[in-house]
1. Obtain the nm distance between the two label points defined at residue 314 and residue 97 by a simple spin-label model: each point lies 7 Å from its Cα along the Cα-to-C-beta direction.
2. Is the C-alpha gyration tensor of region 143-231 telling us rounded, prolate or oblate? Criteria: a/c under 1.5 is rounded; beyond that, a/b larger than b/c is prolate, otherwise oblate.
3. Antiparallel DSSP bridges in region 43-202: what percent, to the nearest 5?
4. Send over a whole-number figure in Å² for the accessible area per residue of the chain, probe 1.4 Å.
5. Run through the DSSP bridge list for the chain and note the antiparallel percent, rounded to the nearest 5.
6. Please give the helix 208-228 orientation as an angle from the longest Cα principal axis of the chain, in degrees from 0 to 90, rounded to the nearest 10.
7. Picking from 29, 124, 114, which is most flexible by a Gaussian network model of the chain using Cα springs under 10 Å?
8. Residue 72 versus residue 252, label points 7 Å from Cα toward the beta carbon: distance in nm?
Amino acid sequence: MDQEPRIAVFGAGSIGCHLGGMLAAAADVTLIGRPAPMAEIERNGLTLTGPGEARRHVRRLATATGASAAARADFVLVTVKSADTAAAARELAGHLAPHAVVISFQNGLRNPGVLRAELPGRPVLAGMVPYNVVRSGPAAVHQGSGGALTVEDDPAARPFAAAARAGGLDLTLHPDMPSVQAAKLLMNLNNAVNALSGLPLREQLGTRAYRACLARCQREALAAFRAAGIVPARVGPVPPRWTPVVLGLPDALFRRLAAAGLRIDARARSSMWDDLRRGRPTEIDALQGEVIALAGRHGLAAPANTRLAALVREAERAGPGAARSWSGRELLAELGG
């Protein structure tokens, strides 16, 4: 590709703004999102902060609120919530250029398949964002943890990968994205624990009782994966099958062993915490819900994930600021601990 790639980010919330803002250093980027934040970014630019208080202010961005703005894009990054994937594909279908490559940077296991079903004949690639990003202001987002993006290893992804790296994004191409997505789902099972704790991620993960909640959810997920023949990739310092064991270690030992791999700053929180704070629907159905469904298909129970999902739905119904914050011991007791 001789010229800068044209990239549209459809569903430019926290993750989408982060990706688009970083890519703007090496690509022609259009953010497509809700009117209020897009207007704020149009007026004032986008501020990106990250680990080590790294800061970047980006003005080289176009903004839009409708799918027609993706018409010229070489790459369309889909970053909407999982429940909105099919609708997003239908909105984009009539506007995509013939050569456009769609990349799903979403949680859960099934979003690339949903996009392929709604966009037959178009190249759709799976992507994974390993770190946490939350909105830190009207036109600002903060990356609170580290890690490398992963995108399906396909020739169509190479120009995007080059632009991402030129923009300062750490990115790897992987031949087996279902295994990577399974590994990410194991990590994302903590989103609900963090949201219900009300604590920053580093403080929550530093507390053994909360980690015990996550370990229970992961054990149920690993059992469901084994039954389904799914082998999660190793995307961190510990093989997935050993993660629940490491989570159960005493706090001081866990902190020493996990310090290098976690790389979580003091401001980091889960996107689910942010959703509850803002009164928006969470992705609990694409996280705990995915484990519950997979377990059920293979005759297994997933009681910890089931109870945690119910508690998140109760918090959703309570509304912004009204949900209770659970201590680690209280939450573990709810899960049968």
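The values are calculated or read from the model by the stated rules, or taken from the named source; none is laboratory data. Please read these numbers as outputs of a predicted model, since none were measured by experiment. In this analysis, Cβ positions are derived from the backbone assuming ideal geometry, glycine residues included, and neighbour counts consider all displayed protein chains. The area values use the complete protein model at the heavy-atom level, side chains included, leaving out ligands, DNA and RNA. Shrake-Rupley method; radii C 1.70, N 1.55, O 1.52, S 1.80 Å.
1. Output for this residue pair reads 5.1 nm.
2. oblate
3. Percentage antiparallel, nearest 5: 40.
4. Details: 14250 Å² over 337 residues.
Value for the chain: 42 Å² per residue.
5. Percentage antiparallel, nearest 5: 30.
6. Between the helix axis and the principal axis of the chain, the angle is about 70 degrees.
7. Judging by the Gaussian network model, the answer is 114.
8. 6.1 nm
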